[in-house]
Structure formats: C-alpha cells, structure tokens
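Structure, as structure tokens:
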Amino acid sequence: MIEKKPIIFLLLATATILVGTIITMVLPFRWINDPKLAIASVKPYTPLQLEGRDIYIREGCNNCHTQTVRPLLSDTERYGEYSKSGEFVYDQPFLWGSRRNGPDLARIGGKYPDAWHVKHMKDPRSMVPRSNMPAYDFLNRPLDTSLSEKKMKALKFPYTPADIQALQGKSEMDAIIAYMQKVGNDIPWRKTGKTEVLGEMKNPFQDNMSVLPEGQKLYAEHCAQCHGIELKGEVGPDLRDMDQPDAKVFASVYSGIAAGGMPAFGDTLGKERTWKVVTYLKSVHKH
Amino acid sequence: MNQQEGYADDIVKGFVIWSMVWGLVAVLVGVFISFQIAFPQLNFPPYLTYGRLRPIHTNAGIFGWGIGSFMAFFIYITQRLTRTSLWSPGLAKAQLWLFNIVIALAAVTLAMGMNRSKEYAELEWPVASLVVVLWVIFAVNIVMTIVKRREEQMYISLWYILATLVGVAVLYLVNNAAIPVSLTKSYSAYAGANDANVQWWYGHNAVAMVLTTPPLAIFYYFLPKATGVPIYSHRMGVIAFWSLIFMYLWTGAHHLLWAPVPDWVQTLAMGFSVMLIAPSWAAVFNGYFSMNGQWHQMRENYLVKFLIFGITFYGLQTLQGPSQSIRTFSAFIHFTDWVPGHVHMGTLGWVSLVLFAAIYYTIPRLYHSEIYSIGLANVHFWLVLTGQLIFSITMWIAGVQQAAMLNATNPDGSLHYSFIETMVELYPYWHMRAVGGVIYLAGLLVFLYNIYQTIAGAKTQAVAQRA
C-alpha cells in the first residue's frame with residue numbers, strides 16, 4: 001500500500017496535482033495571447049505611462065478598482081466596450097483586480113480631462129461626494145526616474161532617449177494620469193460606441209419651472225465640480241447664457257464631447273434626468 | 001512525557017506563539033482597514049492607506065497566522081504519528097527565525113509600496129525568494145522525519161501534510177516567476193490574460209493547499225484526540241483525499257468568469273468547482289459520523305465545539321464556493337462585498353476555529369499544565385463566532401443589494417443607478433462589518449489572555465516544584 005511508502009506517495013500526489021495544472025494553466029498559454037487575437041492599435045506603454053502604472057501598483061489601486069469590463073449589460077452600459085484579451089498583451093502584471101470598492105477602470109482612458117483627475121486625486125470627495133477613496137495629494141512630488149530606462153528594457157518596450165529625457169520635471173501625479181488616460185483607450189471604442197440620437201428631440205420639460213430645483217440639484221452633484229456651482233466654469237467652460245438648442249445641450253450631456261474632454265453622463269443620469277439638467281442649464285443667465 | 005520521548009517540542013511552542021502574534025496583527029490591520037472603508041479620513045498616506053494595508057492584512061493572516069501555525073502543528077503531528085523525533089531540530093530553529101524575518105520583512109516592504117500586485121503573491125522577489133528557502137527547509141525536515149519513521153502506516157493527516165508541502169512549492173514557484181528590475185522592483189514573467197490565468201490557478205489553489213489541506217490534517221488529528229474516539233472512516237478519507245487534490249487544480253478560472261480567458265477554461269473551472277462538493281463533504285461527514293454517540297461532548301468539551309463548528313463552516317464554505325463559481329451567479333455577485341463575506345467564513349470560521357482548538361489542546365500539554373480557564377475559552381468561542389457571523393452575513397446582504405442595484409434598469413433599458421449611487425448605500429453595512437471585526441478582535445484578545453495565563457501559570461508551577 002502506498003500509505004506505507006512516503007516517497008512513492010509524494011510522487012503520486014504530485015502527479016495528481018499536475019493533471020489539472022497542465023490542462024487548465026499550462027495548455028492555455030498556447031491559445032491566450034495568440035497572434036490572431038492581437039489588436040494592432042494596442043501599443044506598449046511609454047516611459048511616463050509605465051511609471052504611472054508602477055505607481056498604481058505601488059499604491060495598491062487594484063485592491064479597490066478592477067480593470068475588466070465583462071460582456072454583461074450592467075458592465076458594458078456602465079463602463080463601456082467589454083474587455084478583450086488582446087488589449088492586455090503588454091500588462092505585466094495584469095491588473096484586473098477582484099473587488100470593486102470603487103468603479104471599474106478598464107475604460108477610464110479619455111473619460112475625463114487631466115484636470116478632473118488632478119482635482120479628484122487631490123480630494124476625491126470634492127469631485128464625487130461621499131466617495132470613500134483616500135486622497136492622493138502626496139503624488140504631487142517629483143517622479144523618481146532612476147529606473148525608468150531599465151524598466152523599459154526589462155519589458156522590451158520601444159523608447160527613444162527623448163522619451164526618457166521628457167520624464168525630467170514630471171511629478172508622480174503626471175505619471176499616474178498619463179497611465180489613466182491610456183487604460184482601455186487603445187481601441188477606438190468611444191467613437192464606435194457613441195450614442196447617436198436620431199429623430200427629432202423635444203425637451204419634455206420645456207418651460208416647466210417645476211423641474212428646476214431637481215435640475216439644479218443634479219447639476220450640483222454631477223456638473224458643478226468642473227463647471228462651478230455658479231456655472232462660471234473651471235475645468236470646463238462657462239455655461240451661462242447658452243444659446244444652443246435644447247437637443248444639442250442634451251446630446252452634449254448625454255453622450256459627452258470627446259474632443260473637449262466632457263464625459264458622457266447618459267449612463268449615470270438616464271434620459272429623464274438629463275433633460276432636467278438641460279432645462280436648468282438653459283434657465284441660468286448672467287444677469 | 002513528550003520531552004522524554006525526545007520530541008522537538010520547544011520549536012512547536014515557538015511557532016505557536018509567533019503565529020498568534022501575527023494572527024493578532026492580521027486582525028488588528030483587518031479591523032483598521034474595515035474602518036478605513038467606512039471612514040476614508042482614516043487613510044494616512046503614503047504608508048497607511050487601504051491600498052497598502054490590505055495586502056499586509058491578507059499576508060499576515062495567510063502566511064503569519066495560517067502558515068506559522070501549520071508549521072507548528074505539522075512538526076507536532078508528524079513526530080507523534082511517526083513516533084519519531086524531528087529529523088533536524090536545529091534546522092527547525094533556523095526555520096522559526098527565518099519565518100519571523102520573512103513575515104516582518106513582508107509587512108515593512110508592503111507598507112513601503114514594494115508590491116507585485118498579484119493577490120497573495122505580493123511580495124517582491126527578494127522576500128519571495130526567502131519564502132522559497134523557508135519552505136524548502138520546512139519540507140525537507142518533515143519529509144525526512146516521515147522517511148525515518150518508526151510507525152509504518154501513515155495516518156491520513158500525514159497525507160494532507162505531504163500534499164501541502166509539494167502543492168505550495170509548485171504554486172509559489174510558478175506564480176512568482178518575475179523579471180527583476182532592481183532589488184525592490186520586478187515585473188511578472190507572464191502578460192495579460194496569461195498572467196491572470198496563472199495568478200488565479202495560484203490564488204484558488206492557495207485556498208486548497210494553505211486553507212484546506214493543512215487545517216484538514218490538523219482536524220483529522222485533533223478531533224479523535226479531543227473526543228477520544230477514532231475517525232469514522234479511513235476509506236472515505238482515502239477517496240476524499242485523492243479526489244480533492246485531483247479536482248482542486250482545475251478550478252482557478254472560476255475567479256475569471258466572463259473575463260477574457262478562453263471559455264473552455266472557465267467552463268472546466270465551473271464544472272470541477274461543483275464536483276468539489278463531494279470530497280469536501282466527505283470530510284465533513286467523516287467529522288460528523290465520528291461524533292456518533294459522542295454528540296454530548298459538544299456541551300461538555302469545548303475543544304469539540306471549536307472543531308465541529310469549524311468543520312461545519314468548512315461544509316458551508318464548500319457549498320457556497322461552488323455556487324459562486326456558476327456563471328450566472330458569478331455575474332451577479334462577483335466584485336461585490338459578497339466575496340469578502342465568503343472568504344471570511346472560511347478563514348475566521350473554518351481555519352481559525354480549528355487552529356484555536358489545536359492550540360488549546362497542545363499548549364497545556366507542551367507546558368505540562370491545564371488550560372487557565374475553560375470559561376474564558378467559551379467566552380472566546382462565542383465572541384469570535386458572533387463577530388464572524390456579523391461580518392459574513394452583513395457582507396452577503398450588502399453584496400446582493402449592490403448587485404441588484406447595479407443590475408436595475410429603467411423601462412427604456414438604460415441603467416437605473418450610477419456606480420457611486422450603489423456604493424454610498426453600503427456605508428451602513430460597512431459600519432456593521434467594522435463592529436463584527438471589533439467583536440472578533442475582542443474574542444481573540446480573550447484567547448490570547450487565556451493562553452498567556454496558561455503558560456505563565458505553568459512556569460510558576462515549575463519554579464515552585466524545583467524549589
């Protein structure tokens with residue numbers, strides 16, 4: 001009996017463990033990251049982005065933020081296009097995470113302008129009321145670039161001396177924001193996934209003064225961080241005296257303005273609440 | 001007594017005591033980070049943020065408290081089941097030193113942000129290399145003791161011990177493969193979806209080889225010791241053992257359901273996870289049937305209470321786990337608080353209850369005395385049980401609520417809540433969890449006091465006898 005032969009027992013136990021290991025862990029190397037699944041537009045990290053990614057790892061951001069959008073309605077509607085394996089070929093290590101104490105970040109790239117991130121990192125609750133994210137004001141310190149070139153070499157990422165030179169004077173904040181803006185933004189999903197509103201659009205609350213208080217409240221919660229509580233503008237432009245038709249304002253809020261860094265609020269607000277914000281915005285004048 | 005038989009028991013004492021120290025650290029940090037989630041002002045960057053402290057909590061729990069006490073009891077159990085003294089007590093002494101150095105280094109380096117980011121494999125390569133040295137020293141000592149044993153037949157606990165030794169070695173080496181950049185920085189040797197698949201093969205089998213097979217070895221040894229009657233079925237133990245270590249290794253990808261890894265890997269993981277109910281429950285039934293005619297001991301013998309509640313939580317854990325590994329249910333609760341609720345039933349309920357029993361059993365014997373207070377042991381039991389149940393049940397409710405909110409849609413098909421709207425509703429649950437954690441901590445302090453008094457009492461007694 002093998003219960004009397006410890007060495008044979010040990011070998012048998014090892015063999016038993018290796019069966020599942022080989023089939024589900026070793027063999028998939030043959031299929032995962034297959035060149036056929038490669039996405040041409042997905043590029044390696046620049047030295048600044050890589051330093052930012054290392055700060056993300058150092059601070060343990062992955063303990064609260066995932067980076068995988070699952071092909072499920074509640075994920076794709078909320079975060080964007082679902083994640084594809086070809087998007088992660090330069091990720092050593094992967095940063096998919098396991099718990100969403102905060103939102104998924106797989107599609108954070110290009111969602112907000114840099115200035116939004118700076119304010120949010122400095123004081124998260126000033127941008128997202130009641131958020132429980134720690135403040136990362138201390139990232140304003142200078143970036144340590146002593147390993148940058150070695151890191152690029154270790155990962156075999158292309159770079160030029162000018163790229164390394166460009167790191168001089170950068171802060172850790174610059175680096176992590178450069179990384180944030182790259183995450184999930186290598187495929188043109190924002191363009192293809194953009195909601196085009198078709199047909200004639202009419203504001204259901206036009207001239208309906210009763211929705212103004214709610215519109216104002218929504219503005220304070222979702223818009224004031226960038227446009228100021230008095231709509232005078234800060235990160236985003238001044239919104240007073242807007243002479244655009246309601247439908248155009250609606251489209252800007254609902255789908256965002258990619259070129260200007262305006263995020264889309266359709267997934268957050270839905271149609272009805274967006275119209276209420278639009279009604280409020282149109283009601284505010286300089287005098 | 002033990003010393004007369006030449007067993008290396010001083011080293012067991014060392015490991016037990018240090019594992020309790022690290023266990024206290026794990027729970028203290030755990031309680032602190034549970035407050036940080038509820039009150040973000042409690043983050044003190046750069047060193048004391050949730051992001052840096054959570055790995056310290058998990059590493060102190062799994063490696064400090066878990067592995068530390070497993071080392072203690074593997075050494076204790078192996079000597080007795082082989083009727084042989086430890087192959088090299090000197091090596092074991094070095095192992096204890098190295099163990100404490102590694103855990104302390106882990107805590108310091110993680111606080112400094114030296115972190116590989118892979119869960120339960122966060123330690124940077126120099127520290128991880130020391131872990132490998134530590135494990136080799138340990139494994140060689142145990143295997144050599146078994147090889148030169150005086151008892152021919154190996155009892156079931158020894159099988160689980162041997163499987164643990166080889167399993168942890170394979171998992172740790174593969175998942176920690178790294179490309180070093182400097183002494184404090186390295187990158188994973190694998191990329192993207194491959195890295196994810198390797199990581200969760202490791203992560204889930206750390207649950208197998210650290211949080212299942214060692215406590216089972218300890219359970220199979222101490223339950224008969226505590227009750228005085230043998231285990232119900234040796235044959236059931238054989239079947240359960242081989243099927244458990246065969247099936248576990250297929251299931252890692254149930255952590256990656258709906259993620260971009262091949263579908264067939266996910267499906268296999270799902271199927272094998274459900275199949276794992278059988279060997280898991282074979283161990284549970286083996287425990288329950290061993291209690292035939294002995295159930296009165298649940299009232300009379302506090303050790304049995306810890307062990308039987310422990311195996312019961314193991315049973316619940318191995319039903320809940322497979323249910324979570326089903327695609328549809330995973331889609332709902334994955335990434336929510338449900339999962340920490342699940343994990344803590346296993347770690348606080350199953351693993352820790354069994355370890356408490358083992359410590360209560362061995363410490364008085366190692367120090368030739370009686371436990372200081374059975375009353376306090378009962379207080380300890382009810383406090384940790386209450387704390388853990390508050391924690392887990394609160395988190396399950398929180399998880400289901402958030403999942404339901406995240407999935408709620410408007411009549412036009414758009415989502416009803418933004419992420420932050422679902423998150424702010426979790427604050428009351430996070431407060432409750434922190435309360436559960438504090439109650440658990442109180443129970444742990446009662447336990448430590450009881451053990452301290454037992455040891456202190458034994459020492460004064462010994463001095464009195466000598467005088």
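The values are calculated or read from the model by the stated rules, or taken from the named source; none is laboratory data. The model shown is predicted, which means the values in this text are computed figures rather than measured ones. Because the Cβ atoms are built from the backbone with ideal geometry, glycine has one as well, and the counts that use them run over all protein chains shown. Surface accessibility is based on the protein's heavy atoms, side chains included, excluding ligands, DNA and RNA. Shrake-Rupley method; radii C 1.70, N 1.55, O 1.52, S 1.80 Å.
Considering only residues that are touching a Gly at 6+ places or on another chain (Cβ under 7 Å) and of a type in the set (Phe, Trp, Tyr), which ones fall in segment A:268-287? If you could, list the steps in order and put the result at the bottom.
Narrowing segment A:268-287 to residues touching a Gly at 6+ places or on another chain (Cβ under 7 Å): A:274, A:276-277, A:279-280.
Matches in segment A:268-287: A:Tyr280 only.
Please find, within segment A:101-118, the residue that is nearest to the other protein chains (Cβ to nearest Cβ) out of those that are open to solvent by 30 Å² or more (accessible area, probe 1.4 Å) and under 9 Å from the mean Cα position of the chain (by Cα).
Filtering segment A:101-118 for residues that are open to solvent by 30 Å² or more (accessible area, probe 1.4 Å) and under 9 Å from the mean Cα position of the chain (by Cα), the one nearest to the other protein chains (Cβ to nearest Cβ) comes out as A:Pro103.
A:Gly52 passes all but one of (1) surrounded by fewer than 20 Cβ atoms within 10 Å (Cβ to Cβ); (2) more than 8 Å from chain B (Cβ to nearest Cβ); which number fails?
Every listed condition holds for A:Gly52 apart from (1).
Taking the condition more than 20 Å from A:Val19 (Cβ to Cβ) and facing another protein chain (nearest Cβ under 10 Å), does B:Ala259 pass?
For B:Ala259, the condition - more than 20 Å from A:Val19 (Cβ to Cβ) and facing another protein chain (nearest Cβ under 10 Å) - is met.
Among the residues of segment B:277-305, count how many are open to solvent by 10 Å² or more (accessible area, probe 1.4 Å) and not in a helix (DSSP H, G or I).
6
Report yes if A:Lys84 is within 25 Å of A:Ile257 (Cβ to Cβ), among the basic types (Lys, Arg) and open to solvent by 20 Å² or more (accessible area, probe 1.4 Å), otherwise no.
no
Anything in segment A:30-39 that is open to solvent by 60 Å² or more (accessible area, probe 1.4 Å) and free of Cβ contacts under 8 Å to residues at least 24 places away in the same chain? List them, or say none.
Of segment A:30-39, the ones open to solvent by 60 Å² or more (accessible area, probe 1.4 Å) are A:30-31, A:35-38.
If the condition is that a residue be open to solvent by 60 Å² or more (accessible area, probe 1.4 Å) and free of Cβ contacts under 8 Å to residues at least 24 places away in the same chain, then A:Arg30, A:Trp31, A:Pro35, A:Lys36 are the ones that fit.
Do you know which residues across segment A:6-18 are more than 9 Å from every other protein chain (Cβ to nearest Cβ) and either open to solvent by less than 80 Å² (accessible area, probe 1.4 Å) or among the charged types (D, E, K, R) (or both)?
A:Ala15
Test B:Ala169 against the stated conditions and say whether it is touching a Phe, Trp or Tyr at 6+ places or on another chain (Cβ under 8 Å) and open to solvent by 20 Å² or more (accessible area, probe 1.4 Å). If you could, list the steps in order and put the result at the bottom.
Values: touching a Phe, Trp or Tyr at 6+ places or on another chain (Cβ under 8 Å): yes; open to solvent by 20 Å² or more (accessible area, probe 1.4 Å): yes.
Spelling it out, B:Ala169 is indeed touching a Phe, Trp or Tyr at 6+ places or on another chain (Cβ under 8 Å) and open to solvent by 20 Å² or more (accessible area, probe 1.4 Å).
Quick check on segment A:119-175: of everything there that is assigned to a loop (DSSP other than H, G, I, E, B), charged (D, E, K, R) and more than 10 Å from chain B (Cβ to nearest Cβ), which residue is farthest from A:Thr46 (Cα to Cα)? Walk me through it before giving the result.
Taking segment A:119-175 as the starting set, the residues that turn out to be assigned to a loop (DSSP other than H, G, I, E, B) are A:123, A:128-136, A:141, A:143-147, A:155-160, A:166-170.
Remaining after also requiring charged (D, E, K, R): A:123, A:130, A:141, A:144, A:156, A:170.
When the remaining residues are screened for being more than 10 Å from chain B (Cβ to nearest Cβ), the result is A:123, A:144, A:170.
On the way: A:Asp123: 27, A:Asp144: 15, A:Lys170: 14 Å.
Here the answer is A:Asp123.
May I ask you to say which residue of B:Ile393, B:Ile363, B:Ile333 is surrounded by fewer than 21 Cβ atoms within 10 Å (Cβ to Cβ) and more than 22 Å from B:Thr212 (Cβ to Cβ)? Don't jump to the end; show me each part of the working.
Working: B:Ile363 fails: surrounded by fewer than 21 Cβ atoms within 10 Å (Cβ to Cβ); B:Ile333 fails: more than 22 Å from B:Thr212 (Cβ to Cβ).
Of B:Ile393, B:Ile363, B:Ile333, the one residue that is surrounded by fewer than 21 Cβ atoms within 10 Å (Cβ to Cβ) and more than 22 Å from B:Thr212 (Cβ to Cβ) is B:Ile393.
Would a scan of segment A:164-176 turn up a residue that is in contact with a Gly (Cβ under 7 Å, 6 or more places away or on another chain) and of a type outside the set (Asp, Glu)?
Going through segment A:164-176, the residues in contact with a Gly (Cβ under 7 Å, 6 or more places away or on another chain) turn out to be A:175-176.
From the residues that got through so far, the ones that are of a type outside the set (Asp, Glu) too are A:175-176.
Yes: one or more hits.
Return yes when A:Tyr90 is facing another protein chain (nearest Cβ under 8 Å), of a type outside the set (A, V, I, L, M, F, W, C) and either in contact with a Pro (Cβ under 9 Å, 6 or more places away or on another chain) or open to solvent by 30 Å² or more (accessible area, probe 1.4 Å) (or both) and no when it is not.
Numbers: facing another protein chain (nearest Cβ under 8 Å): yes; of a type outside the set (A, V, I, L, M, F, W, C): yes; either in contact with a Pro (Cβ under 9 Å, 6 or more places away or on another chain) or open to solvent by 30 Å² or more (accessible area, probe 1.4 Å) (or both): yes.
Yes, satisfied.
I want to confirm something. Restricting to segment B:121-153 and keeping residues that are touching a residue at least 40 places away in the same chain (Cβ under 8 Å), assigned to a loop (DSSP other than H, G, I, E, B) and surrounded by fewer than 21 Cβ atoms within 10 Å (Cβ to Cβ), which single residue is farthest from the other protein chains (Cβ to nearest Cβ)?
B:Arg150
Being within 9 Å of another protein chain (Cβ to nearest Cβ), touching a Gly at 6+ places or on another chain (Cβ under 9 Å) and over 28 Å from B:Tyr429 (Cβ atoms) narrows it down to one residue among A:Ser98, A:Ser83; which is it?
Numbers: A:Ser98 fails: over 28 Å from B:Tyr429 (Cβ atoms).
Being within 9 Å of another protein chain (Cβ to nearest Cβ), touching a Gly at 6+ places or on another chain (Cβ under 9 Å) and over 28 Å from B:Tyr429 (Cβ atoms) holds for just one of A:Ser98, A:Ser83, which is A:Ser83.
Over 18 Å from A:His65 (Cα atoms) and assigned by TED's automatic domain parsing to the domain that holds A:Phe88: does that describe A:Pro124?
Values: over 18 Å from A:His65 (Cα atoms): no; assigned by TED's automatic domain parsing to the domain that holds A:Phe88: yes.
Judged against the criteria, A:Pro124 is not a match.
Taking the residues in segment A:224-243 that are within 31 Å of the chain's Cα centre (by Cα) and under 14 Å from A:Ser283 (Cβ atoms) as candidates, determine which candidate is most open to solvent (accessible area, probe 1.4 Å). Don't jump to the end; show me each part of the working.
Step one: of segment A:224-243, the residues within 31 Å of the chain's Cα centre (by Cα) are A:224-240, A:242.
Cutting the leftovers down to under 14 Å from A:Ser283 (Cβ atoms) gives us A:230-231, A:239-240, A:242.
Working: A:Glu230: 112, A:Leu231: 3, A:Leu239: 25, A:Arg240: 58, A:Met242: 45 Å².
Out of the qualifying residues, it is A:Glu230.
For segment A:19-29, which positions are open to solvent by 60 Å² or more (accessible area, probe 1.4 Å) and within 8 Å of chain B (Cβ to nearest Cβ)? Lay out the reasoning, then the answer.
Of all residues in segment A:19-29, those open to solvent by 60 Å² or more (accessible area, probe 1.4 Å) come to A:22, A:26-27, A:29.
Selection gives A:Phe29 alone.
Here is a yes/no grid of residues against (1) surrounded by 23 or more Cβ atoms within 10 Å (Cβ to Cβ); (2) of a type in the set (Gly, Ala, Ser); (3) touching a helix residue (DSSP H, G or I) at 6+ places or on another chain (Cβ under 9 Å):
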{"position": "B:Ala178", "(1), (2), (3)": "no, yes, yes"}
{"position": "B:Lys185", "(1), (2), (3)": "no, no, yes"}
{"position": "B:Ala191", "(1), (2), (3)": "no, yes, yes"}
{"position": "B:Ala196", "(1), (2), (3)": "yes, yes, yes"}
{"position": "B:Tyr220", "(1), (2), (3)": "yes, no, yes"}
{"position": "B:Val229", "(1), (2), (3)": "no, no, yes"}
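Here is a yes/no grid of residues against (1) modelled with pLDDT under 95; (2) touching a Pro at 6+ places or on another chain (Cβ under 8 Å); (3) aliphatic (A, V, I, L, M); (4) at positive phi:
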site	(1), (2), (3), (4)
B:Ser85	no, no, no, no
B:Pro89	no, no, no, no
B:Trp97	no, no, no, no
B:Ile103	no, no, yes, no
B:Ala106	no, no, yes, no
B:Lys118	no, yes, no, no
B:Glu122	no, yes, no, no
B:Val133	no, no, yes, no
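Let me spell it out: the conditions are (1) without any contact (Cβ under 8 Å) to a residue 12 or more places away in the chain; (2) under 20 Å from the mean Cα position of the chain (by Cα), and B:Val108 meets all of them except one. Which number is the exception?
(2)
Go through segment A:130-165 and give me each residue that's open to solvent by less than 60 Å² (accessible area, probe 1.4 Å), out of contact with any Asp or Glu (no Cβ under 7 Å at 6 or more places or on another chain) and among the hydrophobic types (A, V, I, L, M, F, W, C).
A:Met133, A:Phe138, A:Leu147, A:Met152, A:Ala154, A:Leu155, A:Phe157
Yes/no per residue for (1) out of contact with any Ser or Thr (no Cβ under 7 Å at 6 or more places or on another chain); (2) outside any helix (DSSP H, G or I); (3) within 30 Å of B:Lys459 (Cα to Cα):
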site: B:Gly341; (1), (2), (3): no, no, no
site: B:Ala357; (1), (2), (3): yes, no, yes
site: B:Ile371; (1), (2), (3): no, yes, yes
site: B:Gly375; (1), (2), (3): yes, no, yes
site: B:Ser392; (1), (2), (3): yes, no, no
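Cβ-Cβ distance below 8 Å, separation of 6 or more or different chains: which pairs start in segment B:412-439 with a residue that is over 15 Å from B:Gln36 (Cα atoms) and of a type in the set (Asp, Glu) and end on one that is open to solvent by less than 10 Å² (accessible area, probe 1.4 Å) and modelled with pLDDT under 95?
These pairs meet every condition: B:Asp412/A:Gly270.
Conditions: (1) at pLDDT below 95; (2) open to solvent by 30 Å² or more (accessible area, probe 1.4 Å); (3) hydrophobic (A, V, I, L, M, F, W, C). A:Met127 meets all but one. Number of the miss?
(2)
Would you mind telling me which numbered condition in (1) at the interface with another protein chain (Cβ under 9 Å from one of its Cβ atoms); (2) open to solvent by less than 30 Å² (accessible area, probe 1.4 Å) A:Val42 fails?
(1)
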